[in-house]
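The values are calculated or read from the model by the stated rules, or taken from the named source; none is laboratory data. These numbers were taken from a predicted model, which means no experiment stands behind them. For neighbour counting, all protein chains shown are included, and Cβ atoms are generated from backbone atoms with ideal geometry for every residue, glycine included. SASA here: full protein model, heavy atoms, side chains in, ligands and nucleic acids out. Shrake-Rupley method; radii C 1.70, N 1.55, O 1.52, S 1.80 Å.
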Amino acid sequence: MFTAPMKTAVLIARILLGIIFVVFGLNGFLPFLPQPEMPQAAIAFFGALAASGFMLPTLFATQLVGGALLLLGMVPLGVVILAPVIVHIVEFHVFLAPGGLPLVIVVAALALFLAWTHRWTYHPLFAAQVVPSAGTPVEDARARRRV
């Protein structure tokens, strides 16, 4: 499927992205990394997420689960779970805190690389054909017509 150098690149990207999200996900629950200075708009945004009472724990749990899935080798599922988080992280740093943009670009590039290398697994998500399962109203209607 992949050549040896490509397998190595996928492995490195998977482990690196997985570690990044596991570390930052854990840091959300057990703060061990120092918080960088953020612009006032970014502080206000994070304050609103924290005030909701559920958004930050959901965000950090999603990062932790997605990163763990990558480390366990479940790349397509991990990338699907992390994709919306990465989009919002990119938006946050583009619009509110541009200081963290270099790391965000690396994270987005790693995720895009992994999504591209596993693109065949995403084909069913974009399939136009709907195949009903047994016992659905469509199947029942077909069975009644045959009788």
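All of V106, V90 fail the test of being more than 23 Å from A44 (Cβ to Cβ) and β-branched (V, I, T), apart from V106.
Within the bounds of region 31-42, is there any residue that is of a type outside the set (S, T, N, Q), under 16 Å from the mean Cα position of the chain (by Cα) and open to solvent by 60 Å² or more (accessible area, probe 1.4 Å)? Scanning region 31-42, I find no residue that is of a type outside the set (S, T, N, Q), under 16 Å from the mean Cα position of the chain (by Cα) and open to solvent by 60 Å² or more (accessible area, probe 1.4 Å), so the answer is no.
Please verify whether L77 is over 19 Å from P31 (Cβ atoms), free of Cβ contacts under 8 Å to residues at least 12 places away in the same chain and of a type outside the set (S, T, Y), treating the condition exactly as stated. Considered against the rule, which asks whether it is over 19 Å from P31 (Cβ atoms), free of Cβ contacts under 8 Å to residues at least 12 places away in the same chain and of a type outside the set (S, T, Y), L77 comes out as yes.
Tell me, which helices (runs of 4 or more DSSP H) lie completely within region 20-106 with 1 or more residues that are closer than 29 Å to H123 by Cα?
Ranges flagged: 55-71, 75-95.
Just one of the listed residues (P57, P76) is in contact with a helix residue (DSSP H, G or I) (Cβ under 6 Å, 6 or more places away or on another chain), of a type outside the set (A, V, I, L, M, F, W, C) and surrounded by fewer than 19 Cβ atoms within 10 Å (Cβ to Cβ), and it is P76.
Taken together, L56, L49, L11 contain a single residue that is in contact with a Gly (Cβ under 7 Å, 6 or more places away or on another chain) and not hydroxyl-bearing (S, T, Y), which is L56. When A109, A115, A141, A134 are screened for being at pLDDT below 95 and part of a helix (DSSP H, G or I), only A141 passes. Residues of region 1-30 that are of a type in the set (V, I, T) and either more than 21 Å from the chain's Cα centre (by Cα) or open to solvent by less than 80 Å² (accessible area, probe 1.4 Å) (or both): T3, T8, V10, I15, I20, V22, V23.
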